[in-house]
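Input: a single structure, listed below in structure tokens.
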Amino acid sequence: MKRVATVSVLLVASLALAACGGSSKSSSSKRVNLTLWAGWSAGTHELKAFKSLVDEYNAKQKKIHVKVVGDINDTKIVAAIRSGTAPDIVSSFNSYNVGNYCGTGAWIDLSPYLKKDHIDVNEFPPATRYYTQYGGKRCALPLLADTYGLYYNKTLFANAGIKRPPKTISELTADVKKLTQRSSDGTIQVAGLDPLIGFYENVPERWSTSFNVKWLKPGGTSSDIADDPGWRKLFEWQKSLVDWYGYGKLVRFQSGLGDEFSASQAFEKGKLAMNLDGEWRVAFIADEVPHLNYGTAPMPVDDAHPELYGSGYINGTIIGIPKGKKHNDEAWQVVKYLTTDPHFLAQFSNKIRNVPTTKAALRSSEIQPDPHFSTFLKIFSNPHSTTSPIMASGVAYTNFVQSFFTKWQGSNGQGLEGKLRSLAKELDAQVKQAGGGGSAVP
Amino acid sequence: MRLRPAADAGAVSVPASPALARRPGKRRAAWRRRRLVLLLMSPWIVGFTVFFGYPLVMSVYLSFTHYDLLSSPRWIGTANYRYLFHDDPQVWTAVKNTLWYIAVAVPLQVLFAFGIALMLARARRGVGIFRTIFYLPALAPPVAATLGFVYILNPATGPVNVLLGHLGVQGPLWFHDPHWSKPALVALTVWGVGNTMVIFLAAVLDVPRHLYESAELDGAGVFSRLRWVTLPSISPVILFAVVFNVIQGLQYFTQAYVAAGVAAGQASQAADVTAVNLGYPQDSTLFYPVLLYQHGFTDFQMGYASAMSVLLLVVSFAITLVIVLNSRRWVYQAAPR
């Protein structure tokens, strides 16, 4: 009888233990696992930094665990949403395509969540507010921004007797000519600046800010590219500089330069005295050529618009929640943290040197001061800084302008007006074909 | 005459003669044979329906819709075709590039494949080694082969231009010059002509010896034998090579896509870098399938891309038909045995 009692006690005890075990297991299983897709490439310091900060978030709380997957582009995002295999949270480098994501409902509207959590969208700077919505629907939020400015090699400047970076286009042109070095047969050894569109970060929209261009006619979606004097100045100035080098000579020089996202990048190698680039280059230089003697400055501007000096082009990474997922509330918690937490934004900005995208984070004392990087913080805050319009045809709109520009720069330079009239018509037809719609940057 | 018991006859009516009695059995056997044939063909039937028939029908339907891949297709009638024929400025560039490529690359492929096959058929020593050497490039994956060519033909640092520089000649800009980018791609195509070459070699070796001997007895020289014996004998293979390579030319994509992206370098941090640079330099490598891909998969206009693909199908069919009809005049058909 005593044995039976002992066995009974043991049985009850073991059941109690099992129940305890069960309860602790069920508590850990309540943690929601989410997957987040990001565009940063595997192996780069950028993806490593993002993962480490997301791990910090995972360690901070017990309700959500986020797994980050890198090397994602928009084609993969669209394919995954179509096939129902999209992750819980998705980010894209391509703010141009926000029209597709918001307009179709492929990324859910975040307005109800913002309202519920009393987040004021005015906390995000104007340009980032613009490229995270379409047609009044805010389906994305900014996850750090990119601004563009001028990188200049101080050693080459000193050798050429130039004391400060150029502020106007005419100063830029004069400096380019002073800084360019050629061998006896005319081959370019060092270029003052490579103005060819398509090279590294040289795309029309990033140069267009310097010329105060207007993309669209007032109050509509028709292209203003043929009538706006800023565009004509940009096309003519760029072509004249290309012709000064000699198109063939410049292409030959460019073909020998290293890949943009490698340690052989031409500015880092001293093959370019000046270069238009994004703020992230500060971190790349610190990582790859820490002893490079260089400076950063806003892009030079049209001589007729000196008030623009200090401004620049802005775009950036966007993040949202794909439709049809189970854990939207938890995904929102992560999106909210990644886009509004000043600590996260400041730390991520420090690590990859992208611009923080809330006013609070921009003022954060956690942002490590860096004279090279602070230039870009100022450009970002400049009231003249702007971005390109979000149109129904998405990234195809600016790609079309770029395609035109690459043909223009290799042409004989004749008949610009007629060519721009055709381009404007083609852009309008493209937008109409894509269903119509779009808006000018406020 | 004894009637078969009803149990044997089953539900089938009783035959009136032995000949009639065999008919149901025959029918059953024929049905079994058909069933077996259907069973054996079923993987193909399923594959054809799912991967060819259905996409083909859907492409035709989608070509009349606005379809951004993320929302449901919306019927817009012939708007895509109107944009294709009237408004898209890149289409005719792409058509011209594609026709240029076919007009230059296909004859060169046939010529080189035939020439190499002729030499290999005549070689007495080391045939196996030469055959392997000439065939080897066909085994290189297209992306790797294109990367290799872009590197070798780099205007500033590539070995070809460095060598030309030592000889006092300034080499062309190759993949960076709109006048040289397509010839460079043709060179890449001709370099990998091994598959066509093997088919030609088999055909040349298959020409009956006695025809050459008869021609020789009639006093035919090397060129006469080539013109009047070899070419007529292998003309069906020439027709095959022409049709096959024209269709390949109409679908030319991978090499153009890779070459443009790599030669242009980076213009954006995004992974859609190559979308910005498709056709580099100056749209000279913007072939029709490249433009179709751009509209469908980077611009997300699948309705319009479907209209482009329907046009490609119609044009491919028309060109093939013209070649095949025209071939009756020059392809030697052996008399039926």
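The values are calculated or read from the model by the stated rules, or taken from the named source; none is laboratory data. Worth saying up front: this structure is predicted, and the values here are computed from it rather than measured. Virtual Cβ from ideal backbone geometry, glycine too; neighbours counted across all protein chains shown.
Tabulated data
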item: Residue list for the range A:67-110, filter: within 11 Å of another protein chain (Cβ to nearest Cβ), of a type in the set (Ser, Thr, Tyr) and in contact (Cβ under 8 Å) with a residue 60 or more places away in the chain; result: A:Ser92, A:Ser95, A:Tyr96, A:Tyr101
item: Search result, residues across the range A:346-371 that are closer than 17 Å to A:Thr128 by Cβ, buried (at least 19 other Cβ atoms within 10 Å of the Cβ) and in contact with a Leu (Cβ under 7 Å, 6 or more places away or on another chain); result: A:Phe348, A:Ser349, A:Asn354, A:Val355, A:Pro356, A:Thr357, A:Thr358, A:Ala361
item: All positions within the range B:59-75 that are more than 9 Å from every other protein chain (Cβ to nearest Cβ), in contact (Cβ under 8 Å) with a residue 12 or more places away in the chain and either over 12 Å from B:Met308 (Cβ atoms) or part of a helix (DSSP H, G or I) (or both); result: B:Ser59, B:Val60, B:Tyr61, B:Leu62, B:Phe64, B:Thr65, B:Tyr67, B:Pro73
item: Single unsatisfied condition, A:Asn399 versus (1) under 24 Å from A:Tyr130 (Cβ atoms); (2) outside the structural domain of A:Glu46 (by TED's automatic domain parsing); (3) surrounded by 22 or more Cβ atoms within 10 Å (Cβ to Cβ); (4) in contact (Cβ under 8 Å) with a residue 40 or more places away in the chain; result: (4)
item: Selection within the range A:162-200 - surrounded by fewer than 21 Cβ atoms within 10 Å (Cβ to Cβ), within 11 Å of chain B (Cβ to nearest Cβ) and acidic (Asp, Glu); result: A:Asp185
item: Residue match in the range A:201-211 (condition: surrounded by fewer than 23 Cβ atoms within 10 Å (Cβ to Cβ), farther than 30 Å from A:Ala226 by Cβ and either in contact (Cβ under 8 Å) with a residue 12 or more places away in the chain or away from chain B (no Cβ under 14 Å) (or both)); result: no
item: A:Ser255 surrounded by fewer than 18 Cβ atoms within 10 Å (Cβ to Cβ) and within 30 Å of B:Leu173 (Cβ to Cβ); result: no
item: Residue among B:Tyr151, B:Tyr135 that is part of a helix (DSSP H, G or I) and either more than 26 Å from the chain's Cα centre (by Cα) or more than 14 Å from B:Trp191 (Cβ to Cβ) (or both); result: B:Tyr151
item: Test for A:Ser92: is it surrounded by fewer than 17 Cβ atoms within 10 Å (Cβ to Cβ), in the same structural domain as A:Tyr337 (by TED's automatic domain parsing) and under 30 Å from A:Arg363 (Cα atoms); result: no
item: Only listed residue being under 22 Å from the mean Cα position of the chain (by Cα), modelled with pLDDT under 95, within 8 Å of another protein chain (Cβ to nearest Cβ) and surrounded by 18 or more Cβ atoms within 10 Å (Cβ to Cβ), chosen from B:Gly296, B:Gly279, B:Gly265; result: B:Gly279
item: Test: residue in the range A:409-417 that is among the acidic types (Asp, Glu) and within 14 Å of chain B (Cβ to nearest Cβ); result: no
item: Identity of the residue in the range B:175-191, buried (at least 20 other Cβ atoms within 10 Å of the Cβ) and modelled with pLDDT under 95, that ends up nearest to A:Leu257 (Cα to Cα); result: B:His176
item: Unmet requirement for A:Ser365, which otherwise passes all of (1) modelled with pLDDT under 95; (2) under 19 Å from the mean Cα position of the chain (by Cα); (3) away from chain B (no Cβ under 14 Å); result: (2)
item: Tally of residues being touching a residue at least 12 places away in the same chain (Cβ under 8 Å) and aliphatic (A, V, I, L, M) across the range B:110-151; result: 15
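Conditions tested, residue by residue: (1) touching a strand residue (DSSP E or B) at 6+ places or on another chain (Cβ under 8 Å); (2) over 23 Å from A:Leu345 (Cα atoms).
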residue: A:Ala42; (1), (2): no, no
residue: A:Lys62; (1), (2): no, no
residue: A:Ile72; (1), (2): yes, no
residue: A:Ser83; (1), (2): no, yes
residue: A:Ile89; (1), (2): yes, no
